[in-house]
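Participant: One structure is given below, represented as C-alpha cells, and several questions about it will come after.
The values are calculated or read from the model by the stated rules, or taken from the named source; none is laboratory data. Keep in mind that what you see is a predicted model, and the values were worked out from it rather than measured. So basically every Cβ, Gly included, is an ideal-geometry build from the backbone, and we count neighbours across all protein chains shown. The protein model used for the area step is the full one, side chains on, heavy atoms only, and it has no ligands, DNA or RNA in it. Shrake-Rupley method; radii C 1.70, N 1.55, O 1.52, S 1.80 Å.
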Amino acid sequence: MAIDFTLTPELEDLRTKVRGFLDEVVVPTEKTLDPDDRDAYLTSLLGMRKAAFEAGLWCPHMPEEWGGMGLSHVEMAMVQAEAAKTYYGPWVLNCQAPDEGNMHTLLHWATPEQAEKYLRPLCDGKAWSCFAMTEPEVAGSDPTLIQTRAYQDGDEWVINGHKWFISNAHRANFAILIARTEDDPDLPQAANSAFLVDIPSEGWTEVRQVETMHGSTGHSEILIEDLRVHNDQMLGGRGEGHLLGQSRLGPARLAHCMRWIAQAETALDMMVDRSLNRFSHGSILAEKQGVQWMIADSAMELYQAKLMVLHAAYKIDRGDDFKSEVSMAKHFVANSLNRIIDRAIQVHGALGYSTDTPLAGMFQHARWARFADGADEIHQMRIAQRTIAAYKDFGTTKAATGDLPI
Ligand SMILES: Cc1cc2nc3c(=O)[nH]c(=O)nc-3n(C[C@H](O)[C@H](O)[C@H](O)COP(=O)(O)OP(=O)(O)OC[C@H]3O[C@@H](n4cnc5c(N)ncnc54)[C@H](O)[C@@H]3O)c2cc1C
C-alpha cells in the first residue's frame, strides 16, 4: 500500500517558500493598497507579480515550457491553499480564476497557432481572459439550452447572443465564447462550439458589470451582435463546446476548492482565536460547550474538505475518471466554507458582522460558491445518478464513493 500524506522535501520547501513569500511580500503590500490612488495601486500589484516571477513562484499549474512550475494537481493543492489565504495571492502567482482554467483549456484544446497567440501572453501575465457561457434568458445549469447562436458565412462565423456574469470580461483581451452551432446534434450536449474572440471586437459590447452582494467586481453582461470570427478561431471541433466546458470545469472547480480551503482555514483560525480571547459568564468562549461544538464541526468539515480535494486531485493526476470526486468535493467544500465562515461570524458576535474583520467580506464572496460552476443541486443530481448506476452495474455503491480500497 502506498498511501502516504507526507510531502517530499522539495514540496515541503515549496510550500514554505509560498508561505514565506505571502507573509513577506503579499500581506504587507495588501495592507497599503489604495484603489483610489490608481497609479500607486497598479504599481504595487505589478510589483508583487514581478517579485513572484523572480522568486520562481509563477504559473504553478502550467508546464515549464509555458513558463510555469509544472506542478501536478495534488501539488497545486498545497500552493493554492497557501496562496488564497490572501486576497491577491493567486493572482500574484498567476493562478487565479478564470485565467487558470482558461490556460488549462488552451493547453489541451488550442492549435499550436492559437496557443501561441492566446496561451503564451496569459502565461506571461501580459493578458487577461474570460469564459463566456451563462445567459440571462436560460438556466445556466443546463448548457443544452444555450441560445447564443453562430452560423457559418464563408470562412467566418457570425455570432449573436447575450451573456452575463462573465468574470474578468471588462479587462479581458479575449474570451472563450460558447455558442450553439448545431441544429440537430446526435446528442443534446453536442450542439455547442467554443470560439476565441478578441476583445475589443465589433459586435462584442459590455453592457455593464453586474452589481452583486459583494459589489460590482467584474462580472459583466455582454451583448453579442453580428460578431464575426474567422473559422480558425474555433477552439476544439464543431459541437465540442460542452465537452470542452466540462473538461475545463473539472480542474477549475477543484482549484476553487483549494482556494476555499484557505478561506475556511482562515475563518476557523479566527474563530478559535476569538474564543480564546472573549470572556463571558465566568469563562472564555473556548470553554463553552456550544462554542466547542462549532469549533469541532468546523474542524471535522475542514478535514473532510482537505481529504476530498487531495483525493480528487490525485485522480485527475492519474488520468482516472474524476467527475464524481470533483462534484462531491465542489459541493462539500462550498457548503463547508459557508458554514465555517458563518460560525466564525457567530463566535465574533457584532464584530463578525462588521467590516472591521475580513469575515463579512469572506461570507459575501463565499455565497456564490454554492451555485456558480455547478449549483449544489446539479452536483447532487449527478452524484445520485452515478451512485444508482454503480449499484445497478456492480450490486454495490462502492465505486461511487471515491472507489477507495475500503
Ligand atoms: C460570481 C460569479 C461569477 C461567475 N462567473 C461566470 C463566468 O465567468 N462565466 C460564465 O459563463 N458564468 C459565470 N457565472 C455564472 C454561473 O456559472 C451560473 O450562475 C451557474 O451556472 C448557474 O446558472 P444560473 O445562474 O443561470 O442558475 P439556474 O440554472 O437558473 O439555477 C438556479 C437554481 O435552480 C436550481 N436548479 C437548477 N437546475 C436544477 C435541477 N436540474 N435540479 C434541481 N435544482 C435545479 C438550483 O438551486 C440553482 O441554483 C458566474 C456566477 C457568479 C455568481
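Participant: Would you mind finding the longest exposed-site-free stretch of the chain, with exposed trypsin sites (Lys or Arg not before Pro) meaning DSSP loop and at most 12 other Cβ atoms within 10 Å? Walk me through the numbers before you get to the answer.
Facilitator: On the way: sites that count: Lys126, Arg171.
Within the chain, the longest run free of exposed trypsin sites (Lys or Arg not before Pro) spans 172-406.
Participant: Under the rule of -39500 (n - 2.57) per DSSP H run of 4 or more residues, summed and divided by the residues of the chain, what mean residue ellipticity at 222 nm is obtained, to the nearest 500 deg cm²/dmol?
Facilitator: -15500 deg cm²/dmol
Participant: Around Glu75, what is the net charge, scoring Lys/Arg as +1 and Asp/Glu as -1 over all other residues with Cβ under 10 Å from its Cβ?
Facilitator: My count for the surroundings of Glu75 gives -1.
Participant: Any idea which of Val347, Leu359, Trp293 is furthest toward the positive side of the dipole for region 290-406, if Lys and Arg beta-carbons carry +1 and Asp and Glu beta-carbons -1?
Facilitator: With unit charges placed on the Cβ atoms, the residue in question is Trp293.
Participant: Further question on the same structure: Can you return the lysines within cross-link range of Lys392? Criterion is Cα-Cα under 22 Å, with same-chain partners fewer than 8 residues away left out.
Facilitator: Lys323
Participant: Report the label-to-label distance for Asp321 and Arg49 in nanometres (one decimal), using points 7 Å from each Cα along the Cα→Cβ vector.
Facilitator: Here the modelled spin labels are 4.0 nm apart.
Participant: May I pose another question? Accessible area, 1.4 Å probe, largest first: how do Tyr88, Tyr391 sort? Display every interim value, and only then the final one.
Facilitator: Numbers: Tyr88 45, Tyr391 130 Å².
Largest accessible area first, the list is Tyr391, Tyr88.
Participant: R0 = 60 Å: FRET efficiency of Leu404 with His230, Cβ-based, nearest 0.05?
Facilitator: Taking R0 as 60 Å, the efficiency between Leu404 and His230 is 0.80.
Participant: Continuing with this model, one more query. Calculate, for the chain, the solvent-accessible area per residue in square angstrom, rolling a 1.4 angstrom probe over the heavy atoms of the protein chains.
Facilitator: That works out to 49 Å² for each residue.
Participant: Would you mind giving the average projected area, over all directions, of the Cα convex hull of region 1-73 in nm² with one decimal?
Facilitator: The directionally averaged projection comes out at 6.5 nm².
Participant: Under a Cβ-Cβ cut-off of 12 Å, what is the net charge of the residues other than Val272 that fall near it, where Lys and Arg count +1 and Asp and Glu count -1?
Facilitator: Numbers: positive: Arg274, Arg278, Arg343; negative: Glu265, Asp269, Asp273.
For residues surrounding Val272, the net value is 0.
Participant: Would you tally the net charge around Ala366, using a Cβ to Cβ cut-off of less than 14 Å, leaving Ala366 out, and scoring K and R as +1, D and E as -1?
Facilitator: Numbers: positive: Arg259, Lys330, Arg339, Arg343, Arg367, Arg370; negative: Glu265, Glu301, Asp342, Asp373, Asp376.
Taking every other residue near Ala366 into account, the sum is +1.
Participant: Given the pairs Lys306/Lys330; Lys17/Lys330; Lys17/Lys50, which are separated by over 20 angstrom at their Cα positions?
Facilitator: Distance filter (> 20 Å) returns Lys17/Lys330.
Participant: Next up: Across the Cα atoms of region 1-136, what radius of gyration and what greatest pairwise Cα-Cα distance (Dmax) are found, in Å?
Facilitator: Rg then Dmax for region 1-136, in Å: 16.1, 57.
Participant: Go through region 108-168 and name the GluC sites (Glu not before Pro) that are in a DSSP coil and have 15 or fewer other Cβ atoms within 10 Å of their Cβ.
Facilitator: Filter output for region 108-168: Glu137.
Participant: Out of all DSSP beta bridges with both ends in the chain, state the antiparallel percent to the nearest 5. It would help to have the intermediate numbers written out before the result.
Facilitator: Numbers: 31 of 36 bridges.
Counting only bridges with both partners in the chain, antiparallel ones make up about 85 percent.
Participant: Next question, about the same structure. In the P(r) worked out for region 327-367, what percent of Cα pairs fall beyond 16 Å?
Facilitator: Taking all Cα-Cα pairs of region 327-367, the fraction more than 16 Å apart is 34 percent.
Participant: Now for a different question. Rounding to the nearest 20 debye, state how big the charge dipole of region 1-93 is about its Cα centre with +1 on each Lys and Arg Cβ and -1 on each Asp and Glu Cβ.
Facilitator: So the magnitude is around 120 debye.
Participant: Report the far tail of the P(r) of the chain, meaning the percent of Cα-Cα pairs longer than 34 Å.
Facilitator: Pairs farther apart than 34 Å: 33 percent.
Participant: State the percentage of accessible surface on region 338-406 attributable to carbon and sulfur atoms; use a 1.4 Å probe and exclude ligands, DNA and RNA.
Facilitator: Exposed carbon and sulfur together represent 59 percent of the surface.
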